[in-house]
């Protein structure tokens, strides 16, 4: 029988082969195995799993997350070691909550785009930087794609002739085609031309690049967005809370459904199309974006009232 550490390596490789990134699990589970080795434990027990999960000075939500990682590993290990105890669901319970999305207005988006074009261009910045963030924020707002998907776009993925983007490396290794409006194609064409002129030597093939020509870093994008959102009054100075880049995705989904209501389409029938466009593996992920939105509720009630009127 292989050791826990060998079993963990098999488990991580198996999950990654199925398309799971296993980033956090890949960092935390080796620490759990080390903890087990320190206790000379050859098999996973509920007692030790809970002790390890609660051993970190973190919030209860993180305890639950750590135990969830162990639970997945224990299920895998139980197939080859019958002594394995799987921590039951409900142990260290914590109900996770998602951040309340900010519904950007057209004016707020325009202010962010204008502020992006006012970003400093003096060293260590570059004259290209304002256009990088103008293009990136604009693309997120009109396509609803994930930030990671936008940052992973390569020049070869942008077909301006057909006005189609190829999204690769999405969740679970999936890919999809995303059509874009001619106005979006024009903005991207302008950015690509500026990008080509700025770099006088071959650089990364990624669409959005840093001043060195490498793939744009996600952390740098978030920090710049915080600067822009403070400059436009969307975030208080020094505040860690405020609108997020991911909220553009929520806005796109909500506005799509609102347009369906306004044009008398059947949202329930069209929902799989939106789910596919957004790259959701399960349609329930799409429904979450559309829940508890006042304008959507008003549209739904108006449709119900019209139907009741027609049937009376």
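The values are calculated or read from the model by the stated rules, or taken from the named source; none is laboratory data. Predicted model only: the values in this text are computed from it and were never measured. Every residue, glycine as well, gets a Cβ built from its backbone with ideal geometry; the counts of neighbours run over all protein chains shown.
Only residues that are surrounded by 12 or more Cβ atoms within 10 Å (Cβ to Cβ) and either within 19 Å of residue 92 (Cβ to Cβ) or modelled with pLDDT under 95 (or both) were counted in region 12-33, giving 14. Taken over region 236-252, the residue count meeting the criterion of being under 14 Å from the mean Cα position of the chain (by Cα) and more than 14 Å from residue 105 (Cα to Cα) is 1.
Residues checked against (1) in contact with a strand residue (DSSP E or B) (Cβ under 8 Å, 6 or more places away or on another chain); (2) assigned by TED's automatic domain parsing to the domain that holds residue 146; (3) closer than 18 Å to residue 142 by Cα; (4) crowded, with 20+ Cβ neighbours inside 10 Å:
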{"position": "258", "(1), (2), (3), (4)": "no, no, yes, no"}
{"position": "262", "(1), (2), (3), (4)": "no, no, no, no"}
{"position": "270", "(1), (2), (3), (4)": "no, no, no, no"}
{"position": "275", "(1), (2), (3), (4)": "no, no, yes, no"}
{"position": "280", "(1), (2), (3), (4)": "no, no, yes, yes"}
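Applying a threshold of 8 Å to beta carbon distances and a minimum spacing of six or more residues, or different chains, the list of pairs starting in region 1-27 at a residue that is assigned by TED's automatic domain parsing to the domain that holds residue 62 and ending at one that is in a helix (DSSP H, G or I) and surrounded by fewer than 13 Cβ atoms within 10 Å (Cβ to Cβ) reads 18/172; 19/172; 20/172. Determine whether residue 223 is in contact with a strand residue (DSSP E or B) (Cβ under 7 Å, 6 or more places away or on another chain), under 27 Å from residue 168 (Cα atoms) and modelled with pLDDT of 80 or more. No: the conditions fail for residue 223.
Residues in region 134-150 that are in a helix (DSSP H, G or I), in contact (Cβ under 8 Å) with a residue 60 or more places away in the chain and farther than 18 Å from residue 196 by Cβ: 137, 140, 141, 142, 143, 147, 148, 149. Residues in region 267-286 that are at pLDDT 75 or above and farther than 21 Å from residue 174 by Cβ: 269 alone. Considering (1) part of a helix (DSSP H, G or I); (2) more than 12 Å from residue 132 (Cα to Cα); (3) in contact (Cβ under 8 Å) with a residue 12 or more places away in the chain; (4) touching a helix residue (DSSP H, G or I) at 6+ places or on another chain (Cβ under 9 Å), the lone condition that residue 183 does not fulfil carries the number (3). Residues of region 152-179 that are at pLDDT below 90 and in a strand (DSSP E or B): 176 alone. Note on region 225-253: residues that are surrounded by fewer than 19 Cβ atoms within 10 Å (Cβ to Cβ) and outside any loop (DSSP other than H, G, I, E, B) total 5.
Only one entry of 148, 183, 141 meets the criterion of being modelled with pLDDT of 90 or more, exposed (fewer than 14 other Cβ atoms within 10 Å of the Cβ), within 19 Å of residue 218 (Cα to Cα) and assigned by TED's automatic domain parsing to the domain that holds residue 227, and that entry is 148. Only one of the numbered conditions (1) assigned to a loop (DSSP other than H, G, I, E, B); (2) over 28 Å from residue 249 (Cβ atoms) is not met by residue 101, and that is (2). Out of 257, 296, one residue alone is modelled with pLDDT under 80 and part of a helix (DSSP H, G or I). It is 296. Just checking, does region 97-109 include any residue being touching a strand residue (DSSP E or B) at 6+ places or on another chain (Cβ under 9 Å), surrounded by 15 or more Cβ atoms within 10 Å (Cβ to Cβ) and within 30 Å of residue 192 (Cα to Cα)? No, region 97-109 contains no residue that is touching a strand residue (DSSP E or B) at 6+ places or on another chain (Cβ under 9 Å), surrounded by 15 or more Cβ atoms within 10 Å (Cβ to Cβ) and within 30 Å of residue 192 (Cα to Cα). Got at least one residue in region 74-89 being exposed (fewer than 13 other Cβ atoms within 10 Å of the Cβ) and within 27 Å of the chain's Cα centre (by Cα)? So far as region 74-89 goes, yes, one or more of its residues are exposed (fewer than 13 other Cβ atoms within 10 Å of the Cβ) and within 27 Å of the chain's Cα centre (by Cα).
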